[in-house]
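Student: Could you have a look at this structure, given as structure tokens, before my questions?
The values are calculated or read from the model by the stated rules, or taken from the named source; none is laboratory data. Bear in mind the structure is a predicted one, so any value in this text is a computation, not a measurement. All Cβ positions, even for glycine, are placed from backbone atoms using ideal geometry, and neighbour counts span all protein chains on display. Areas reflect the complete protein model, heavy atoms only, side chains present, ligands, DNA and RNA absent. Shrake-Rupley method; radii C 1.70, N 1.55, O 1.52, S 1.80 Å.
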Amino acid sequence: QMYDYQKEGVAFLTKRIPEMRFQPNALLCDDTGLGKTVTGTNALIEVEAETALIVCPSGVMGHWRQTLIEWGAFTYEEIFVFETGKDRIPKTAKVVIVNYQKIIIAAVKRQLLARRYDAILYDEIQYLKGYSSQVTKVMYRGDKKKNEPALCNRAKWKWGFTATATPNDCMELYP
């Protein structure tokens, strides 16, 4: 059973609030321990996402997998978690979970860019606060020299999650 504030979070992410103009991007800044993973999982269910990419710190990849399974969003077999940079995404995978450090590995990045997603979820999105970081470049700018698109352009819905959204400098609000 979700708490009322989690239901409100799902409504916010999926733009089911009448006063809001539709925009498929959202940032959920609930406090630590309030269940942003449950909220994100239920938002995937609400928009009937068939595919998703979850980018998160390595320490919570298993938690994401378990939450997706517990809430019935996806089965264990439908979820692929990148363990190493040499892993290959199975064709049957509907959800890909990867940590921020692995998306800059060429073989991983190539596989992620080859797929389309209904939603991309960025857990602890503050990892993308550095405008010039390699991770931010892969996610939001791509590589024009290599004709690589930004990974964020591979999905309709893009949701960020954080409990520490306060920037130290205005450039940290990029993108």
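Student: Could you please give the count of residues in segment 79-110 that are assigned to a helix (DSSP H, G or I), surrounded by 17 or more Cβ atoms within 10 Å (Cβ to Cβ) and more than 15 Å from the chain's Cα centre (by Cα)?
Tutor: Total meeting the criteria: 1.
Student: If we keep just the residues of segment 117-143 that are part of a loop (DSSP other than H, G, I, E, B) and hydroxyl-bearing (Ser, Thr, Tyr), which is least open to solvent (accessible area, probe 1.4 Å)?
Tutor: Once the filter is applied, the top-ranked residue is 133.
Student: Let me ask something additional. Test residue 156 against the criterion of being open to solvent by 50 Å² or more (accessible area, probe 1.4 Å) and closer than 24 Å to residue 49 by Cα, and give yes or no.
Tutor: Taking the combined requirement at face value, the residue satisfies it.
Student: Check segment 144-152 and report whether any residue there is modelled with pLDDT under 95, open to solvent by 20 Å² or more (accessible area, probe 1.4 Å) and aliphatic (A, V, I, L, M).
Tutor: Checked against the condition, which is being modelled with pLDDT under 95, open to solvent by 20 Å² or more (accessible area, probe 1.4 Å) and aliphatic (A, V, I, L, M), segment 144-152 yields no hits at all.
Student: If I go through segment 46-63 residue by residue, how many of them are open to solvent by 30 Å² or more (accessible area, probe 1.4 Å) and closer than 17 Å to residue 93 by Cα?
Tutor: 4
Student: Name the residue, out of 26, 11, 43, that is within 19 Å of residue 163 (Cα to Cα), open to solvent by 20 Å² or more (accessible area, probe 1.4 Å) and outside any loop (DSSP other than H, G, I, E, B).
Tutor: Matching residue, one of 26, 11, 43: 11.
Student: Just to verify a result, which residue in segment 67-78, among those that are modelled with pLDDT of 95 or more and among the hydrophobic types (A, V, I, L, M, F, W, C), is nearest to the chain's Cα centre (by Cα)?
Tutor: By that ranking, first place goes to 68.
Student: Which of the residues belonging to segment 64-78 are out of contact with any strand residue (DSSP E or B) (no Cβ under 9 Å at 6 or more places or on another chain) and open to solvent by 20 Å² or more (accessible area, probe 1.4 Å)?
Tutor: The answer is 66, 70, 71, 72, 75, 76, 77.
Student: Looking only at segment 12-38, which residues are hydrophobic (A, V, I, L, M, F, W, C) and at pLDDT below 85?
Tutor: 17, 20, 22
Student: Kindly indicate whether residue 123 is modelled with pLDDT of 90 or more and either charged (D, E, K, R) or over 16 Å from the mean Cα position of the chain (by Cα) (or both).
Tutor: Yes.
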